[in-house]
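Here the structure comes first, spelled out in C-alpha cells, and everything after it is commentary.
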Amino acid sequence: MANNRKNLITLLKIIFSVLLIYFIFNKIPFKDVWAVLKTSNPWLLTIALLFLLLSKVFKALRLNLYFHQLNIPITQKSNFKLYLLGMFYNLFLPGGIGGDAYKGYVIRDKFEVNTKSVVTVFLLDRLSGLLVIVNYTCILALLLKNEVLQPYNYLFILVILLSLFVFWFINKKYFSFVYPVFWKSIGYSLVVQLVQLLSVVFIIKSLYVKGNMIAYLFIFFISSMVSVLPVTIGGIGSRELVFFYGAEWLKLDQSTSLSISILFFFLTAILSLTGIYYHFKKPELKLEST
C-alpha cells in the first residue's frame with residue numbers, strides 16, 4: 001500500500017512537470033529558446049559548472065557539521081561521496097528513494113543514531129539553506145529598485161531580521177543538541193548561495209545577456225524557493241514557470257530567461273550524474289581519526 005501511494009505521488013509529479021513544460025513551450029516556441037541556447041559560450045559554462053560544484057562542496061561541509069554534532073565524525077571525503085549519491089537519487093531516481101531519505105537511512109543504520117535526531121539535522125540543514133535564499137532574495141529586491149516592489153522595502157528588511165531571529169530562537173530553544181553549529185551553518189549557507197549565485201552569473205554571461213543582471217538573479221532565487229515545493233520532479237517545470245512569468249513581469253527577454261533556467265538544470269544534472277558511480281559502489285563511511 002505504501003509503495004502504491006509513493007508511486008502514485010511520483011506519477012502525479014511527473015504529469016505536473018510535463019504539463020508545466022508543455023504550457024511554457026506553448027507560450028514560447030522551443031526554437032526561440034534553442035536559438036538562444038546555441039549562442040552560449042562553453043568556456044563560461046564550464047566556469048559556471050565549477051562554481052556550482054563548489055557550492056555542492058560547501059553544502060556537504062554544512063551537513064557534516066550536523067553529523068559531527070550527532071557524534072558521527074565522518075571524514076569530509078566520505079561525506080561528499082554520500083552527498084553525490086544523494087544528488088543522483090534526488091534527480092534521477094525520483095520514484096525510488098530520495099537523496100536525503102537514503103543518506104538518513106545509511107547514517108541511522110551504520111551508526112545506530114536516533115531516527116528523530118537524524119531527521120532533525122536534515123531538516124535544519126535544509127532550512128538553513130532556505131533561510132539564506134529568502135534573505136538574498138530580499139536583498140536583491142532592495143537592489144532591484146522596481147517601482148512595484150519599492151513601497152515594500154521596509155518589509156524586505158523586516159523579513160531578513162525576523163527570519164534570522166526566529167530561526168535562531170527555534171534552534172536555541174528546541175534543538176540545543178545542534179545549536180553549537182548554528183552560526184557556522186548559517187555561514188556555510190551564505191557561502192553556498194553566494195557561490196551558486198556566481199554560477200548563475202556566468203551562465204548569464206555565457207548567453208551574452210545585456211539586460212538587468214540583478215533582475216535575472218532575483219528571478220533565480222524566487223525559482224529556487226518555488227522548486228523546493230514537492231509538486232514536481234526535481235523542480236522541473238516549476239523553476240521554468242517562475243523564469244517565464246518573472247521575465248514577463250520584469251520586462252526581460254523570456255527566451256533568454258528560460259535558457260538560463262534550462263542551463264542551470266543541465267549543469268546540475270551533470271553534477272548529479274557523477275553520483276551514479278557510488279550507486280554501484282556504495283561509499284564506505286570512514287570516521288576521522290582521533
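Quick notes
- Checking the range 77-93 against the condition returns a match, with at least one residue being in contact with an Asp or Glu (Cβ under 8 Å, 6 or more places away or on another chain) and closer than 30 Å to L258 by Cβ.
- Any hit, the range 179-186, residues being part of a helix (DSSP H, G or I) and in contact with a Lys or Arg (Cβ under 7 Å, 6 or more places away or on another chain): yes
Quick grid of which residues meet (1) crowded, with 20+ Cβ neighbours inside 10 Å; (2) modelled with pLDDT under 85; (3) acidic (D, E); (4) within 20 Å of L271 (Cα to Cα):
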site: L197; (1), (2), (3), (4): no, no, no, yes
site: F202; (1), (2), (3), (4): yes, no, no, yes
site: F218; (1), (2), (3), (4): yes, no, no, no
site: G235; (1), (2), (3), (4): yes, yes, no, yes
site: L252; (1), (2), (3), (4): no, no, no, no
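- In the range 185-224, the residues that are more than 13 Å from S40 (Cα to Cα) and among the charged types (D, E, K, R): K210
- The selection criterion, being over 16 Å from the mean Cα position of the chain (by Cα), over 20 Å from I21 (Cβ atoms) and without any contact (Cβ under 8 Å) to a residue 12 or more places away in the chain, holds for K210.
- Helices (runs of 4 or more DSSP H) completely within the range 236-290 that count 3 or more residues being more than 18 Å from the chain's Cα centre (by Cα) and more than 20 Å from L207 (Cβ to Cβ): 276-280
- Condition met for T137 (among the polar types (S, T, N, Q), at pLDDT below 90 and within 30 Å of L91 (Cβ to Cβ)): no
- Here L198, L158, L143 are screened, and the one residue that is without any contact (Cβ under 8 Å) to a residue 12 or more places away in the chain and either in contact with a Cys (Cβ under 8 Å, 6 or more places away or on another chain) or over 30 Å from L70 (Cβ atoms) (or both) is L158.
Listed here are the residues, each with its yes/no results for (1) over 24 Å from the mean Cα position of the chain (by Cα); (2) charged (D, E, K, R); (3) assigned to a helix (DSSP H, G or I); (4) over 19 Å from Y245 (Cα atoms).
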| site | (1), (2), (3), (4) |
| --- | --- |
| K13 | no, yes, yes, yes |
| T39 | yes, no, no, yes |
| F51 | no, no, yes, yes |
| R62 | no, yes, yes, yes |
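- Residue identified as over 17 Å from I133 (Cβ atoms) and assigned to a helix (DSSP H, G or I) among F218, F202: F202
The values are calculated or read from the model by the stated rules, or taken from the named source; none is laboratory data. From a predicted model like this one, the values you see are computed outputs, not experimental measurements. Note that we place each Cβ from the backbone using ideal geometry, even for glycine, and neighbour counts take in every protein chain shown.
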